[in-house]
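Following: one structure in C-alpha coordinates, then a few remarks.
The values are calculated or read from the model by the stated rules, or taken from the named source; none is laboratory data. Bear in mind the structure is a predicted one, so any value in this text is a computation, not a measurement. Glycine gets a Cβ as well: all are built from the backbone with ideal geometry, and neighbour counts include every protein chain shown.
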Amino acid sequence: MANITLKINDELLTKARQLASQKQTSINAIVKQRLEEFVSRDLSRETTLDGIEAFYLKTNARVGKKTWTRDEIHAR
(Lines give C-alpha, C1' and ligand atoms only; values in the text may rest on other atoms or scores of the structure.)
Protein backbone atom coordinates (compact mmCIF):
# COMPACT_ATOMS: atom_id res chain seq x y z
CA MET A 1 0.00 0.00 0.00
CA ALA A 2 1.35 3.44 -0.92
CA ASN A 3 1.88 6.33 1.46
CA ILE A 4 1.01 9.92 0.55
CA THR A 5 1.81 13.27 2.14
CA LEU A 6 -0.83 15.99 2.39
CA LYS A 7 -0.28 19.64 3.13
CA ILE A 8 -3.30 21.11 4.92
CA ASN A 9 -4.13 23.97 7.25
CA ASP A 10 -3.31 23.29 10.93
CA GLU A 11 -6.77 24.34 12.06
CA LEU A 12 -8.41 22.01 9.55
CA LEU A 13 -6.24 19.12 10.74
CA THR A 14 -7.11 19.81 14.38
CA LYS A 15 -10.84 19.83 13.61
CA ALA A 16 -10.52 16.71 11.48
CA ARG A 17 -8.69 14.88 14.27
CA GLN A 18 -11.41 15.86 16.75
CA LEU A 19 -14.16 14.71 14.44
CA ALA A 20 -12.35 11.46 13.65
CA SER A 21 -11.95 10.83 17.36
CA GLN A 22 -15.66 11.43 17.96
CA LYS A 23 -16.46 8.94 15.20
CA GLN A 24 -13.88 6.49 16.55
CA THR A 25 -11.90 6.42 13.32
CA SER A 26 -8.70 7.88 11.91
CA ILE A 27 -7.79 10.61 9.46
CA ASN A 28 -6.27 7.89 7.29
CA ALA A 29 -9.54 5.91 7.23
CA ILE A 30 -11.54 9.03 6.37
CA VAL A 31 -9.22 10.02 3.52
CA LYS A 32 -9.16 6.45 2.19
CA GLN A 33 -12.97 6.24 2.26
CA ARG A 34 -13.39 9.60 0.52
CA LEU A 35 -10.88 8.68 -2.18
CA GLU A 36 -12.68 5.38 -2.77
CA GLU A 37 -16.00 7.23 -3.09
CA PHE A 38 -14.43 9.80 -5.43
CA VAL A 39 -13.05 7.13 -7.75
CA SER A 40 -16.20 5.02 -7.55
CA ARG A 41 -18.43 7.95 -8.58
CA ASP A 42 -16.20 8.67 -11.55
CA LEU A 43 -16.18 5.03 -12.64
CA SER A 44 -19.95 4.86 -12.20
CA ARG A 45 -20.33 8.01 -14.32
CA GLU A 46 -18.11 6.57 -17.06
CA THR A 47 -20.05 3.28 -17.02
CA THR A 48 -23.35 5.14 -17.25
CA LEU A 49 -22.16 7.29 -20.15
CA ASP A 50 -20.81 4.22 -21.96
CA GLY A 51 -24.18 2.50 -21.48
CA ILE A 52 -26.08 5.48 -22.82
CA GLU A 53 -23.80 5.68 -25.84
CA ALA A 54 -24.16 1.94 -26.52
CA PHE A 55 -27.95 2.22 -26.25
CA TYR A 56 -28.01 5.20 -28.61
CA LEU A 57 -25.88 3.35 -31.16
CA LYS A 58 -28.20 0.31 -31.03
CA THR A 59 -31.36 2.33 -31.62
CA ASN A 60 -32.60 4.00 -34.77
CA ALA A 61 -33.22 7.24 -32.91
CA ARG A 62 -31.42 10.18 -34.42
CA VAL A 63 -31.49 13.87 -33.73
CA GLY A 64 -32.78 15.70 -36.76
CA LYS A 65 -33.47 19.22 -37.88
CA LYS A 66 -35.91 21.23 -35.78
CA THR A 67 -39.05 21.64 -37.88
CA TRP A 68 -41.37 23.03 -35.22
CA THR A 69 -41.74 26.11 -33.08
CA ARG A 70 -42.47 26.35 -29.40
CA ASP A 71 -45.81 27.97 -30.14
CA GLU A 72 -46.80 25.07 -32.41
CA ILE A 73 -46.05 22.52 -29.68
CA HIS A 74 -48.05 24.44 -27.08
CA ALA A 75 -50.96 25.40 -29.35
CA ARG A 76 -54.32 24.35 -27.94
Worksheet, complete the sentence: Counted residues in segment 28-47 being of a type in the set (K, R) and surrounded by 11 or more Cβ atoms within 10 Å (Cβ to Cβ) come to 1
Worksheet, complete the sentence: Exception for L12 within (1) assigned to a helix (DSSP H, G or I); (2) surrounded by 10 or more Cβ atoms within 10 Å (Cβ to Cβ) falls at (2)
Discussion item. Regarding segment 15-37, can at least one residue be identified that is in a loop (DSSP other than H, G, I, E, B) and over 25 Å from the mean Cα position of the chain (by Cα)?
Written reply: yes
Worksheet item: Is segment 48-68 home to any residue that is at pLDDT 90 or above, part of a loop (DSSP other than H, G, I, E, B) and surrounded by fewer than 10 Cβ atoms within 10 Å (Cβ to Cβ)?
Response: no
Worksheet item: Name the residues in segment 43-68 that are of a type in the set (K, R) and more than 22 Å from the chain's Cα centre (by Cα), would you?
Response: K58, R62, K65, K66
Discussion item. Among the residues of segment 17-76, what is the count of those that are of a type in the set (F, W, Y) and closer than 30 Å to L6 by Cβ?
Written reply: 1
Worksheet item: What residue, of S26, S44, is modelled with pLDDT under 90 and of a type outside the set (A, V, I, L, M)?
Response: S44
